[in-house]
Amino acid sequence: MKEVFPGIFLIKEVRKFLKFIESTNIYVIAGPDGLIYDGGYGTKRLVNSVINEVQKIKELYQYKNERINLTRILPSHSHSDHISGLSKLRKALGVKIMVTKDMANIIMDKQRYAYAYRSDSYRDYFIINSGLKRKLKSYLLSKLSNFFWNLISGISFVKDPDEIIDDNTEILINDETWKIFPSPGHSFDHISLYNEEKGILFTGDNLFKSISGWLGPPESNLDDYMKTLEIYSNLKNLKLILPAHGEPIENPKERINEIILHRENRNKQVFDLINEFREEGITSKQIINKIYTNGRNIIKQIARGWVSLTLKKLEAENHIYRKESKKEIRFFPVNKL
Ligand SMILES: [Zn+2]
């Protein structure tokens with residue numbers, strides 16, 4: 001653990017295997033009525049690594065003769081790398097699980113969770129040929145990948161959260177007021193936590209220091225995302241961003257503007273490609289291959305998310321239209337952007 005701001009500690013889960021899967025940042029706002037922000041993964045090893053680090057923070061406070069009592073844990077949103085550890089951390093640390101109504105509905109059980117994160121939504125942009133064989137293959141693949149992902153994340157569902165809060169509210173942490181506000185974009189149930197006096201904002205998965213972050217259907221929404229970035233950028237006293245992956249961001253306004261610009265460039269890049277192939281049209285797969293000319297397959301798979309959302313936005317704004325045949329969907333320009 002590392003003290004990233006006086007009284008705020010960053011714990012990075014320590015992964016021995018599958019190191020390519022990025023660890024989640026768990027933050028401890030330490031003090032007499034402290035809070036843990038984000039629940040991380042739920043495997044025994046990762047949960048134990050968090051418990052050990054929390055113990056070190058407690059020892060540090062005891063050594064300094066300062067009171068420490070962690071009373072609650074609050075996730076930024078209900079993706080598995082943020083909620084899987086909630087139950088086990090509650091049991092081990094005696095904290096209450098605090099969630100919004102939206103999160104509570106999703107993390108309640110396996111069925112609701114699977115429904116919220118169903119992975120067939122790329123079909124609207126990528127595959128039109130839905131022969132039985134292909135349908136069966138994609139069904140089995142998605143079942144298999146869900147199974148392994150659940151195994152890797154060590155997910156446990158939370159039937160009985162201790163406290164349901166509004167997604168637009170204020171809470172007291174160590175007698176200081178923190179604002180919670182909805183920040184959909186990456187996922188619809190995403191919230192942010194902000195303390196104006198300290199100038200600290202927890203952005204969850206909406207904003208990172210060195211990567212642009214995942215966006216994709218069905219959870220993400222590009223318009224919501226841009227609005228959330230706008231809200232971040234209008235915060236009066238923003239000095240430090242603490243994201244759910246990677247390092248703290250010490251130049252928050254600059255980074256927010258970079259990401260806004262990045263998304264605008266992506267919109268333009270996709271539209272320009274569609275415009276370039278205005279005669280024959282272009283499929284989403286071709287768009288990805290043209291953007292990531294030397295990209296690895298996994299990068300291209302991940303990119304399907306933002307490309308789908310960008311196409312959705314361009315269609316909704318009437319900049320492009322589609323022609324569907326039995327085998328593919330081709331996109332054509334309506335007007336210049
Ligand atoms: Zn997420």
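The values are calculated or read from the model by the stated rules, or taken from the named source; none is laboratory data. Keep in mind it's a predicted model, so treat the numbers as computed, not measured. Methodologically, a virtual Cβ is constructed for each residue, glycine included, from the backbone with ideal geometry; neighbour enumeration extends over all protein chains shown.
Some points to look at:
- Considering region 90-112, and only residues there that are in contact with a helix residue (DSSP H, G or I) (Cβ under 8 Å, 6 or more places away or on another chain) and within 16 Å of the ligand (Cβ to nearest atom), the residue that is nearest to LYS159 (Cα to Cα) turns out to be ILE107.
- Test: THR177 is more than 12 Å from the ligand (Cβ to nearest atom), modelled with pLDDT of 95 or more and assigned to a strand (DSSP E or B): yes
- Criterion: of a type outside the set (D, E, K, R), more than 16 Å from the ligand (Cβ to nearest atom), not assigned by TED's automatic domain parsing to the domain that holds LEU35 and not in a loop (DSSP other than H, G, I, E, B) - qualifying residue of SER138, SER87: SER138
- Summed over region 210-237, residues that are over 23 Å from GLU317 (Cα atoms), touching a residue at least 40 places away in the same chain (Cβ under 8 Å) and away from the ligand (no atom under 16 Å from the Cβ) total 4.
- Selection status of TYR115, more than 16 Å from the ligand (Cβ to nearest atom), modelled with pLDDT of 80 or more and hydroxyl-bearing (Ser, Thr, Tyr): yes
- Matching entry among LEU70, LEU74 (being within 22 Å of the chain's Cα centre (by Cα) and not small (Gly, Ala, Ser)): LEU74
- Residue identified as within 16 Å of the ligand (Cβ to nearest atom) and in a helix (DSSP H, G or I) among ILE274, ILE259: ILE259
- Subset of region 277-302 [outside any loop (DSSP other than H, G, I, E, B) and more than 20 Å from ARG322 (Cα to Cα)]: ASN297, ILE298, ILE299, LYS300, GLN301, ILE302
Every residue, every condition in (1) buried (at least 17 other Cβ atoms within 10 Å of the Cβ); (2) more than 30 Å from SER308 (Cα to Cα), yes or no:
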| site | (1), (2) |
| --- | --- |
| LYS96 | no, yes |
| ARG118 | no, no |
| ILE155 | yes, no |
| THR169 | no, yes |
